[in-house]
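Asker: Quick one: the structure is below, questions incoming.
The values are calculated or read from the model by the stated rules, or taken from the named source; none is laboratory data. Predicted model, so just to flag it, every value in this text is computed and none were measured. In this analysis, Cβ positions are derived from the backbone assuming ideal geometry, glycine residues included, and neighbour counts consider all displayed protein chains. These area figures cover heavy atoms from the full protein model, side chains too; ligands, DNA and RNA do not enter into them. Shrake-Rupley method; radii C 1.70, N 1.55, O 1.52, S 1.80 Å.
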Amino acid sequence: MGYFSKLQVIQRSGENRQYYLICPAPLAAALEMEKGEELEWIIKDRHPFQIRRAKAAPRAARRSHE
């Protein structure tokens, strides 16, 4: 199963730009992601890359917050 997302760019004053990649809600729910969770981007090449949780809480601990 795949989900599409668009890269968003916000131009700040001067040369400063911020890039945002939105995670679709169904994907975030399936992965049990939480607000503020850190993700690590691993670049293998220009095309294949991985996104990995920097530090994931155990499943039981995540469910207890609901």
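Asker: Would you be able to tell me the number of residues in region 33-42 that are open to solvent by 100 Å² or more (accessible area, probe 1.4 Å) and more than 19 Å from Gly2 (Cα to Cα)?
Answerer: Looking only at that region, the number is 2.
Asker: Further question: Could you tell me which residue of region 1-13 is farthest from the chain's Cα centre (by Cα), considering only residues that are surrounded by 10 or more Cβ atoms within 10 Å (Cβ to Cβ) and assigned to a loop (DSSP other than H, G, I, E, B)?
Answerer: Among residues in region 1-13 that are surrounded by 10 or more Cβ atoms within 10 Å (Cβ to Cβ) and assigned to a loop (DSSP other than H, G, I, E, B), the one farthest from the chain's Cα centre (by Cα) is Tyr3.
Asker: Looking at region 14-64, which of its residues are modelled with pLDDT under 90, among the polar types (S, T, N, Q) and not in a helix (DSSP H, G or I)?
Answerer: Hits for region 14-64 are Asn16, Gln50.
Asker: Which residue pairs have Cβ atoms under 7 Å apart, sit 6 or more places apart or on different chains, and have a first residue in region 18-32 that is within 16 Å of Lys6 (Cβ to Cβ) and of a type in the set (Asp, Glu) and a second that is open to solvent by less than 60 Å² (accessible area, probe 1.4 Å) and assigned to a helix (DSSP H, G or I)?
Answerer: Pairs found: none.
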